[in-house]
1. Return only the number of the condition from (1) open to solvent by 20 Å² or more (accessible area, probe 1.4 Å); (2) out of contact with any strand residue (DSSP E or B) (no Cβ under 7 Å at 6 or more places or on another chain) that Thr109 does not satisfy.
2. Can you find even one residue in segment 135-150 that is β-branched (Val, Ile, Thr) and either under 28 Å from Leu72 (Cβ atoms) or in a helix (DSSP H, G or I) (or both)?
3. Suppose we keep only residues that are open to solvent by 70 Å² or more (accessible area, probe 1.4 Å) and part of a helix (DSSP H, G or I) within segment 70-94. Which one would you say is nearest to Glu104 (Cα to Cα)?
4. If you go through segment 29-45 one residue at a time, do you hit one that is at pLDDT 75 or above, closer than 30 Å to Ala140 by Cα and of a type outside the set (A, V, I, L, M)?
5. Filter segment 131-147 down to residues that are β-branched (Val, Ile, Thr) and surrounded by 15 or more Cβ atoms within 10 Å (Cβ to Cβ) and give me whichever is farthest from Asn61 (Cα to Cα).
Amino acid sequence: MAKPKRVRNRALRVIDKIKQAQHAQAKAKATPPKQPTKQVVRKPFFPYTPSSTILLIGEGNFSFAHSIATRLGTASNIVATAYDSELVARQKYIDVDDHIQAFEKLGGTVLFDVDGTQLHACEKLKGRVFSHIVFNFPHAGAGIKDQERNIKVNQQLLVGFFNSARPLLVIGTVKPTVSKVRKLQSDDD
């Protein structure tokens, strides 16, 4: 007698599975298919336009200048400067010639021996103003082991840069990140 009970239980399980499958099919038919969700694709932020006038301070191998010019399709309004002389830049960076050539081909201007704290002393910048002045990764490169002195030298570099760059900015379009520049004490104090 045990056998018919097992057979009956097995039959009930099979019937339950069939009912579950039928219920799932009916539910799938009743539920409209999900529309693929639209993902909002945002373009990466890029602060420059072909009409932007851009001064780049402290370029190393000029890859940043080359990159901006390539993205804009023109470098006619971009001046890229290096603190190093042309000879030193060529010794330091094996790819500098490739970047400069591509940048100049797009209409860019390259200047060497430009001190970012003495921009007024650069004859080729006299009388020019820029909507953007960019100094990527500013550092004094002094190699000072004393951390306190190293920090102070780099602070002086930034203060000098802000003071030097301010007259070259188009008034009203760009504000330096330091609103009040305080005078730093010299090492002698």
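The values are calculated or read from the model by the stated rules, or taken from the named source; none is laboratory data. Because the structure is predicted, anything quoted here is derived from the model rather than measured. Cβ sites come from the backbone with ideal geometry, for glycine too, and all protein chains shown count toward neighbours. The protein model used for the area step is the full one, side chains on, heavy atoms only, and it has no ligands, DNA or RNA in it. Shrake-Rupley method; radii C 1.70, N 1.55, O 1.52, S 1.80 Å.
1. (2)
2. Within segment 135-150, not a single residue is β-branched (Val, Ile, Thr) and either under 28 Å from Leu72 (Cβ atoms) or in a helix (DSSP H, G or I) (or both).
3. Thr70
4. Scanning segment 29-45 turns up at least one residue that is at pLDDT 75 or above, closer than 30 Å to Ala140 by Cα and of a type outside the set (A, V, I, L, M).
5. Applying the filter and picking the extreme gives Ile133.
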